[in-house]
Amino acid sequence: FQGNCITCHNINERKSAPSISEIKENYIRAFPKEEDFINYLATWVLKPSKKMSIMQHSIDEFELMPELAYDEYTLKEIAKYIYKTDFSKLPQ
C-alpha cells in the first residue's frame, strides 16, 4: 500500500484520487463484513468499471481508475490492509 497506492490515494486528502480514508469509509458502509469488503474492493481494482463503482462521484471528479498490473492475491492483501488499518493513527 505505502509503496504504490499512496501515490494517488493520500491518507486524508483528495488530490489526484479520493483519499484512502474516504474509500475505506464508503466500502465499510457498503460491505461491513471483512470478506465482502476485501473481495469487492480487490475485484473492482483488478478491473475498474464505472458501472460497478460504489463511488460514482469520485469517477465524475477524477475519472475511472486505470487498470493496474497487480494480481488478485496482491489486491486482496492490500484490501485486507485497508480494512484492518486505522488510518487516523498513521503519520500524515
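The values are calculated or read from the model by the stated rules, or taken from the named source; none is laboratory data. Bear in mind the structure is a predicted one, so any value in this text is a computation, not a measurement. For neighbour counting, all protein chains shown are included, and Cβ atoms are generated from backbone atoms with ideal geometry for every residue, glycine included. Quick note on the areas: whole protein, heavy atoms, side chains included, nothing else; ligands and nucleic acids left out. Shrake-Rupley method; radii C 1.70, N 1.55, O 1.52, S 1.80 Å.
Odds and ends about this structure:
- Among (1) open to solvent by 30 Å² or more (accessible area, probe 1.4 Å); (2) in a helix (DSSP H, G or I), the one test that N26 misses: (1)
- Single unsatisfied condition, A69 versus (1) under 21 Å from F87 (Cβ atoms); (2) not in a helix (DSSP H, G or I): (1)
- In the condition set (1) in contact with a His (Cβ under 8 Å, 6 or more places away or on another chain); (2) open to solvent by 80 Å² or more (accessible area, probe 1.4 Å), P18 is compliant with all but (2).
- Scanning segment 58-85 for residues that are within 14 Å of the chain's Cα centre (by Cα), exposed (fewer than 14 other Cβ atoms within 10 Å of the Cβ) and within 19 Å of R14 (Cα to Cα) yields a total of 2.
- Meets criteria (within 16 Å of F1 (Cβ to Cβ), outside any helix (DSSP H, G or I) and either hydroxyl-bearing (S, T, Y) or touching a residue at least 60 places away in the same chain (Cβ under 8 Å) (or both)) for I82: no
- Residue check, E13 open to solvent by 70 Å² or more (accessible area, probe 1.4 Å) and assigned to a loop (DSSP other than H, G, I, E, B): yes
- Scope segment 44-87; condition among the aliphatic types (A, V, I, L, M) and in contact with a Pro (Cβ under 8 Å, 6 or more places away or on another chain); matching residues: M55, L64, M65
- Test: S49 is touching a Cys at 6+ places or on another chain (Cβ under 9 Å) and in a loop (DSSP other than H, G, I, E, B): no
- Any pair with Cβ under 9 angstrom, 6 or more apart, that starts in segment 1-16 at a residue that is on the phi > 0 side of the Ramachandran plot and without any contact (Cβ under 8 Å) to a residue 24 or more places away in the chain and ends at one that is outside any helix (DSSP H, G or I) and not polar (S, T, N, Q): none
Matching residues to (1) part of a helix (DSSP H, G or I); (2) out of contact with any Ser or Thr (no Cβ under 9 Å at 6 or more places or on another chain); (3) of a type in the set (V, I, T); (4) in contact (Cβ under 8 Å) with a residue 40 or more places away in the chain:
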{"position": "E22", "(1), (2), (3), (4)": "yes, no, no, no"}
{"position": "E35", "(1), (2), (3), (4)": "yes, yes, no, no"}
{"position": "I38", "(1), (2), (3), (4)": "yes, yes, yes, yes"}
{"position": "T43", "(1), (2), (3), (4)": "yes, yes, yes, no"}
